[in-house]
Every structure is written in structure tokens, then in C-alpha cells.
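Enquirer: Handing you a structure now.
Nothing in this text is a laboratory measurement; each read-out follows from the coordinates by a stated rule. Given the structure is predicted, the values throughout are model-derived calculations rather than measurements. All Cβ positions, glycine included, derive from the backbone under ideal geometry; neighbour counts span all protein chains shown.
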Amino acid sequence: MQIKRVNPAAAIPGGEVLVECEGFDTSRTGGYQVLIGGERARLVGASPGRVLAIVPEDAQGRTVEVRLACGGAESQPGRLVVGKLLADELHMVANPAFDPEDGALYVTRSGSRGHREPVSLFRVGADGELRGVTGEVVNPTGLAFDADGQLYVSSRNDGSVYRVTKFDEAIQFAQNLGVATGLAFDRRGQMYVGDRAGTIHRVNGIGESHEWASLEASVAAYHLAFGEDGALYVSAPTVSSSEAIIRVDEGGRATPFFKGLGRPGGLAFDAEGNLYVAASYKGRRGIVRITREGERAELVVAGMNVIGLAFSAAGEMVVATNDAVYSLPLGIRGTLLG
């Protein structure tokens with residue numbers, strides 16, 4: 001028996017990976033298994049040429065070996081990069097965000113609509129320590145830094161965006177933005193905020209806003225990211241199982257960019273112009289990479305309940321689920337826009 005490929009080549013614990021193989025004897029019930037990082041993986045399905053396996057929790061934080069085992073024999077190993085847990089007991093609704101000044105990661109404990117958490121915004125330092133920042137923002141959702149390194153946070157509770165000072169004070173910057181979710185800055189430094197009821201607001205430097213584009217309403221949240229072409233890319237989950245990433249040009253005109261995703265969430269571009277989306281694709285969940293022209297897509301990180309992602313300056317990808325964030329050293333550089 002032989003492993004031909006592990007697809008995708010990266011995952012977080014709980015993610016579903018496909019082991020493409022040949023000669024795997026699945027005729028004897030219970031007489032075969034898949035080992036990931038030396039741990040027996042739970043199998044979703046198996047045949048002599050394909051095995052779907054769940055990455056065990058104990059496999060995290062390293063490049064691990066994947067082996068097929070049957071009748072006392074083991075295959076030569078495949079390789080899988082498994083994310084390292086950075087923080088849990090969170091509640092993420094959108095992408096986390098890296099501080100461009102010191103590389104710290106900002107995450108949320110957003111809570112249910114209208115519920116105030118004692119601390120709702122946290123900072124994960126370079127040493128891995130999780131530190132509370134503020135509880136002044138109720139239901140923090142979108143996080144984004146501007147070109148000057150200033151952090152802004154949207155609140156879906158009161159339809160506002162807050163500026164978080166260096167002294168961890170949250171100051172209301174803009175308001176009356178509906179159910180404010182997604183948050184991004186264009187290359188001129190203007191802020192855009194997605195109201196999940198169907199509006200993209202453009203906000204100037206003193207917090208004044210106007211309706212810039214209209215899209216279909218979302219059942220969850222708008223997620224925003226700017227591409228190198230100056231267009232705004234938007235995901236907005238609906239009740240459809242085959243949804244599109246929307247491209248909004250600089251004049252506010254919206255067109256589909258890529259179709260066929262399930263429950264698309266957070267978005268981020270790499271330095272080569274590829275778009276990464278937290279979504280399901282062809283029945284499998286994780287981080288999906290879409291080519292810059294929107295022609296092809298593939299799952300690059302497997303994971304369940306994935307809601308967003310972010311790239312560090314060092315090429316680290318952070319993947320956020322509903323309640324945790326994981327780090328994967330994939331060597332992918334992100335853009336400065338977001």
C-alpha cells in the first residue's frame with residue numbers, strides 16, 4: 001500500500017483530510033486504520049484508493065507523518081502541517097487581525113447579540129500570552145488596522161465602529177451603520193463597513209458615512225477585503241449552499257467573482273493576488289484559495305467551523321474557528337490592504 005498524496009497538505013485539529021492512496025485493503029472491517037502524528041484518526045470513509053480522515057486533537061502544532069496501517073503493516077509516510085492552538089474559549093465572528101507594529105494578534109469574545117462580555121477584545125502577544133484589552137465594545141465583529149497602525153472594531157450590537165487607543169480605550173468613531181460587521185480600508189485609507197442587511201458604507205476620516213453599494217442581505221455577516229486591483233471583495237452567507245464572492249469596483253458596481261462556495265466567511269489576499277476564503281468547497285470545509293482571476297479554487301487548509309483567517313508579516317497563517325485560533329507556518333505573505 002502506498003500514499004500518493006495528502007490533500008490538503010495543511011489542517012487544524014478536527015479538519016477532514018483526503019489521503020489518496022493505492023493498495024489499501026479495506027475489505028476487513030476494523031482491520032485497517034490511518035495514523036496521523038502517531039494517533040489513530042477517525043475515518044469518515046475509506047476505499048482502496050481514497051480515505052477521508054479527521055485530524056486528531058493531539059496532532060497539533062507540527063508537521064506530522066500520515067501513515068496507512070493494515071494487518072500489522074504500515075505504509076511509507078505522507079506529510080501534513082497541523083495548526084498550533086494559540087487561544088481558545090473565544091467567540092470569533094470574522095477575521096482576527098495582526099498589529100503591524102509588533103505582530104500581536106487581536107481576537108474577540110463577541111458573545112450573543114446584545115450580551116456584554118466582561119472582556120470582549122483580546123490580544124495574543126508574540127509570547128503566546130492572551131491578554132484582555134477592553135470590554136467596552138459590545139459584540140465586536142470586524143477588526144482592521146489602518147495604514148497608521150490604528151485598530152478599529154465594528155459592533156453589530158449598536159451599528160458603530162470604535163477606535164481602540166494605545167491606552168486600550170474604545171472611542172466611538174462612526175455610527176448608524178446598521179448591523180455593522182465587515183470592516184476594511186482601501187489603498188487611499190478610506191474605511192468601508194458592511195451592514196449585513198445589504199449595504200456597504202464608506203466612512204471618511206472624521207467618521208461621516210454614506211451608502212456606497214447595495215448587495216443581497218446576509219444571514220450572518222459581511223466579510224470584506226480589498227484586492228490589488230482596487231476592488232472590494234465581499235462574502236455574505238445566505239441560505240444557499242452555492243454562494244459567490246462578490247467583487248465591487250471602485251464605482252460601487254457589484255459582480256460575481258467566484259461561485260460555488262458554502263457559507264463563505266473571512267477573506268484575505270496574499271501578495272500574489274490569490275484570495276483566501278473561510279468556506280466549504282466541494283463538500284469540504286476550511287480555507288479555500290481562489291486564483292487571482294477567479295478561474296480555479298482549491299482547499300488549502302482543512303478545518304471545521306472555520307470563520308476567518310489572517311496572515312502575519314512572517315508568513316504565518318492564522319485560522320480562526322468559532323471559538324479558537326490556530327497558527328500554521330505556511331510561508332504565505334499577505335497584502336497590506338484589508
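Enquirer: As I understand it, the dipole of the stretch 2-82 uses +1 on the Cβ of Lys and Arg and -1 on the Cβ of Asp and Glu, about the Cα centre. Which of 21, 53, 37 lies farthest toward its positive end?
Expert: The Cα lying farthest towards the positive end belongs to 21.
Enquirer: Sort the stretch 116-177 into rounded, prolate or oblate with this rule: let a ≥ b ≥ c be the square roots of the eigenvalues of the Cα gyration tensor; rounded if a/c is under 1.5, and if a/c is not under 1.5, prolate when a/b is larger than b/c, oblate otherwise.
Expert: Since a/c reaches 1.5 but b/c is at least a/b, the shape of the stretch 116-177 is classed as oblate.
Enquirer: Aspartates and glutamates within cross-link reach of residue 84: Cα-Cα under 13 Å, excluding same-chain residues under 8 positions apart?
Expert: Within the straight-line cut-off, residue 84 pairs with 57, 58, 316.
Enquirer: Let me check against my output: what whole-number percent is the relative contact order of the chain, with C-alpha pairs under 8 Å and at least 6 apart? Write down the numbers at each step before the final one.
Expert: Details: 1043 pairs, mean separation 45.7, N = 338.
This gives 14 percent for the chain.
Enquirer: Using a simple charge model, +1 on the beta-carbon of Lys and Arg, -1 on the beta-carbon of Asp and Glu, nothing else, what dipole does the stretch 118-161 show about its Cα centre, in debye to the nearest 20?
Expert: I would put it at about 140 debye.
Enquirer: What is the Cα centroid distance between the stretch 288-322 and the stretch 68-123, reported in whole angstrom?
Expert: About 12 Å separates the Cα centre of the stretch 288-322 from the one of the stretch 68-123.
Enquirer: Between residue 293 and residue 211, what length comes free when the chain is fully extended (0.36 nm per residue of separation minus the Cα-Cα distance, one decimal in nm)? List each step's numbers first, then the result.
Expert: Numbers: separation 82, 0.36 × 82 = 29.52 nm, distance 2.77 nm.
Residue separation times 0.36 nm, minus the Cα-Cα distance, leaves 26.8 nm.
Enquirer: Stretch residue 163-residue 129 to full length: gain in nm at 0.36 nm per residue minus the Cα-Cα span?
Expert: Here the segment from residue 163 to residue 129 would lengthen by 9.9 nm.
Enquirer: Which residue, 82, 34, 239, tops the fluctuation ranking in a GNM of the chain built on C-alpha contacts under 10 Å?
Expert: Comparing 82, 34, 239 in a Gaussian network model of the chain, the most mobile one is 239.
Enquirer: In straight Cα distance, which aspartates and glutamates are under 12 Å from residue 259, not counting same-chain residues fewer than 8 positions off?
Expert: By straight Cα distance, residue 259 reaches 243, 295.
Enquirer: Now for a different question. Once phi is turned into ³J(HN,Hα) by the Karplus curve 6.51 cos²θ - 1.76 cosθ + 1.60 with θ = phi - 60°, what whole-Hz value does each residue of the stretch 174-188 show in order, with x for glycine and proline?
Expert: Ordered by residue, 3J(HN,Hα) equals 9, 9, 6, 10, x, 8, 6, 10, x, 8, 7, 10, 8, 5, 8 Hz.
Enquirer: Applying 1/(1 + (r/R0)^6) with R0 = 30 Å to the Cβ-Cβ distance of residue 2 and residue 314, what FRET efficiency is obtained, to the nearest 0.05?
Expert: 0.30
Enquirer: Additional query: Can you tell me which of 206-213, 243-250, 134-141 comes out highest on packing, and rank the rest after it, using the mean Cβ neighbours within 10 Å?
Expert: Ranking the peptides 206-213, 243-250, 134-141 by packing returns 134-141, 243-250, 206-213.
Enquirer: Right, here's the next one. To the nearest 20 debye, what is the magnitude of the charge dipole of the chain about its Cα centre, counting +1 on the Cβ of each Lys and Arg and -1 on the Cβ of each Asp and Glu?
Expert: Numbers: 33 positive and 40 negative charges, 191 e Å.
It comes to approximately 920 debye.
Enquirer: Still on this structure, I have one more. Just how far, in whole angstrom, is the stretch 126-186 from the stretch 224-265 if you go by their alpha carbon centroids?
Expert: Comparing the Cα centres of the stretch 224-265 and the stretch 126-186, I get a distance of 23 Å.
Enquirer: For the chain, modelled as a Gaussian network with Cα springs under 10 Å, which listed residue fluctuates most, 255, 108, 181?
Expert: 255
Enquirer: Additional query: What is the calculated FRET efficiency for residue 172 to residue 240, with r their C-beta to C-beta distance and R₀ = 41 Å, to the nearest 0.05?
Expert: Using R0 = 41 Å, I get an efficiency of 0.75.
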